[in-house]
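The values are calculated or read from the model by the stated rules, or taken from the named source; none is laboratory data. Quantities reported herein were computed from a predicted structural model and do not represent experimental measurements. Counting neighbours? That spans all protein chains shown, and the Cβs are built from the backbone with ideal geometry, glycine included. Keep in mind that these areas ignore ligands, DNA and RNA; they rest on the heavy atoms of the full protein, side chains included. Shrake-Rupley method; radii C 1.70, N 1.55, O 1.52, S 1.80 Å.
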Amino acid sequence: MSAPDWPGSGGGSSHDGPPYAGGWGGGLVQIQASGVVTLNGVIKADGTLRSGTYGGGGSGGGIYISCAMFSGAGTLTANGRDGAAYAGVGGGGRIAIACTNCLGWSGVTQAKPGTGGYAPGWHGTLYVRDARFLSPVSTTNQLFQLWGVPAWSPASLWMSNSYLGLIDPE
């Protein structure tokens, strides 16, 4: 869970009539640095859309950033994509931020499933070692897992259709 090492899976396809291809799964991005990583741009590992009325959406991929300090106001996404009317939706991917100091991060992080389709996708995951990454917290359609965080007291917490798990690794 702490270090995504697989890209997202492709959406299902159908050959009932013309071929209806499923979307591609999102890619895999891994950044390992001994110092500071500053992100003011966009890193996407999103799935792609399907074709036709029977193709499933691709699931989100993985993003892993390991560093001493993570900062910036950019965007990290590992989103699943929409499925066709008679197909499944791509689930959200996995994002892991393994840093000891995330105090300077004020960007956007998403790993949400696609919408529509015949069958829903599941939320992606966000793994962080430093709970300050989540301050302030405002999220929709997310599954958060905080590992080895001894204490967390955000000034505010707003969550919609989301899950939060505090995990003790011992």
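Side notes on the structure shown:
- Residue-wise HN-Hα coupling along the stretch 64-73, computed from phi with Karplus coefficients 6.51, -1.76, 1.60 (Hz; x: Gly, Pro): 10, 10, 10, 6, 6, 9, 10, 8, x, 10
- If R0 is 30 Å, the Cβ-Cβ spacing of residue 44 and residue 153 corresponds to a FRET efficiency of close to 0.40.
- Surface composition of the stretch 1-108: carbon and sulfur atoms hold 54% of the protein heavy-atom accessible area at a 1.4 Å probe.
- Charge tally in the Cβ shell below 14 Å around residue 80, where Lys, Arg are +1 and Asp, Glu are -1, residue 80 excluded: +3
- For residue 37, the solvent-accessible surface computed with a 1.4 Å probe is close to 20 Å², ligands and nucleic acids excluded.
- Each residue was assigned an accessible area with a 1.4 Å probe, and for residue 164 the value is about 70 Å².
- Local electrostatic count at residue 124 - Lys and Arg +1, Asp and Glu -1, tallied over other residues with Cβ under 9 Å: +2
- Each principal axis of the Cα cloud of the stretch 1-96 was taken in turn, and the coordinate range along them, longest first, works out to 54, 23, 15 Å.
- Two-site label geometry, residue 31 and residue 103: point separation in nm, points 7 Å out along Cα→Cβ: 2.0
- If the chain linking residue 75 and residue 6 were pulled fully straight, counting 0.36 nm for each residue of separation and taking away their Cα-Cα distance, it would gain 22.8 nm.
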